[in-house]
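As structure tokens, the structure follows; a few thoughts come after it.
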Amino acid sequence: LNSIKGTNLIPFNLVTRRDIVDRNGELLATNLRTASVYANPKLIANPVHTSKKLKKIFPSLSFKKLLVKLKSQKSFVWIKRFITPIEHQQLNDSGIPGIYFENGERRAYPHASLFSHVLGSVGLDSYGLSGIERAFDNKLRYKKSIINKEDPLKLSLDLKIQNIVKEELQKAVKKFSARGGVGIVQDPNNGEILAM
């Protein structure tokens, strides 16, 4: 991969993203280490038995879909992306041959939807898809080989003010039976957006 819209691409397994913080250093977006599970169906001796074991560890997965994947003639199939530490331990303890882990990172937003409309999101490949994540994609991405983690991207937004705006909007929407509401708090001295 050379470039998309003039942007030099780095393979996603070699890149991570900088944290995003508010004006006071409160964490708004970060990366969490996680693992994903894949299988080599050619090394699975008993697909039915293995599917049952996997279904026990991952109840949300479909037994039928697992069985189809494990009976395929492929040498690589995803079982589940971004598993929990407990699932990781359970699967590791099960010692199922032909099942492997791929370590990676997942983008996390500690304040859930409070800033989702501003921060946007990233894809599985760690590229920004929308919002701040996309607008500042080049500045947020850096190679994992860098020893010290890059400084976070600091926004003008303020977590406390954002919470107040959200609460007041919710009250007003409820009071007037509105479909929605909009609120923006701006610093009149310099034009910085403090909440939206």
Largest-first principal axis extents, alpha carbons of segment 58-141, Å
42, 27, 22
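Over segment 29-91, what is the relative contact order in whole percent, taking alpha-carbon pairs under 8 Å and six or more residues apart? Could you put the intermediate results ahead of the total?
Details: 74 pairs, mean separation 32.0, N = 63.
The value is 51 percent.
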Once phi is turned into ³J(HN,Hα) by the Karplus curve 6.51 cos²θ - 1.76 cosθ + 1.60 with θ = phi - 60°, what whole-Hz value does each residue of segment 34-43 show in order, with x for glycine and proline?
8, 10, 10, 10, 9, 10, 10, x, 5, 9
Tell me which aspartates and glutamates have Cα within less than 19 Å of Lys80's Cα, excluding those fewer than 8 residues away on the same chain?
Asp93, Glu102, Glu105, Asp125
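Counting only heavy atoms of the protein chains, get the accessible area per residue of the chain (1.4 Å probe) and round it to a whole Å² value. Walk me through the intermediate numbers first.
Working: 12650 Å² over 196 residues.
Heavy-atom accessible area per residue stands at 65 Å².
At a 1.4 Å probe radius, which order do Lys64, Lys143, Lys166 fall into by accessible area, largest first? Present the calculation step by step, with values, prior to reporting the outcome.
Working: Lys64 160, Lys143 105, Lys166 85 Å².
Most to least solvent-accessible, the answer reads Lys64, Lys143, Lys166.
Output the relative contact order of segment 83-146, whole-number percent, from Cα pairs under 8 angstrom with separation of 6+ residues. Could you put the intermediate results ahead of the total?
Working: 37 pairs, mean separation 10.5, N = 64.
Reported as a whole number, the value is 16 percent.
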Neighbour count of at most 14 Cβ within 10 Å plus DSSP loop: longest chymotrypsin sites (Phe, Trp or Tyr not before Pro)-free window in the chain:
77-175
Below 8 Å between Cα atoms, with a sequence gap of 6+, how large is the relative contact order for the chain in percent?
26
For Lys154, list the aspartates and glutamates whose Cα falls under 19 Å from its own Cα; do not include residues on the same chain fewer than 8 positions away.
Asp19, Asp22, Glu26, Glu133, Asp137, Asp187, Glu192
With only alpha-carbon atoms counted, please give the Rg and Dmax of the chain, in Å.
21.7, 69
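Rounded to the nearest 500, what is the chain's calculated 222 nm mean residue ellipticity when only DSSP H runs of at least 4 contribute -39500 (n - 2.57) each, over all residues? Before the final figure, lay out each step's value.
Details: 7 runs with 60 residues, N = 196.
So the helix-based figure for the chain works out to -8500 deg cm²/dmol.
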When we measure straight from the Cα of Lys42, which lysines land under 17 angstrom away, once same-chain ones fewer than 8 places off are left out?
Lys65, Lys69, Lys71, Lys74
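The values are calculated or read from the model by the stated rules, or taken from the named source; none is laboratory data. Please read all numbers here as calculations on a predicted model, not as lab measurements. Glycine also receives a Cβ, built like all others from the backbone with ideal geometry; neighbour counts cover every protein chain displayed. Calculation scope for accessible area: heavy atoms of the full protein, side chains included, ligands and nucleic acids excluded. Shrake-Rupley method; radii C 1.70, N 1.55, O 1.52, S 1.80 Å.
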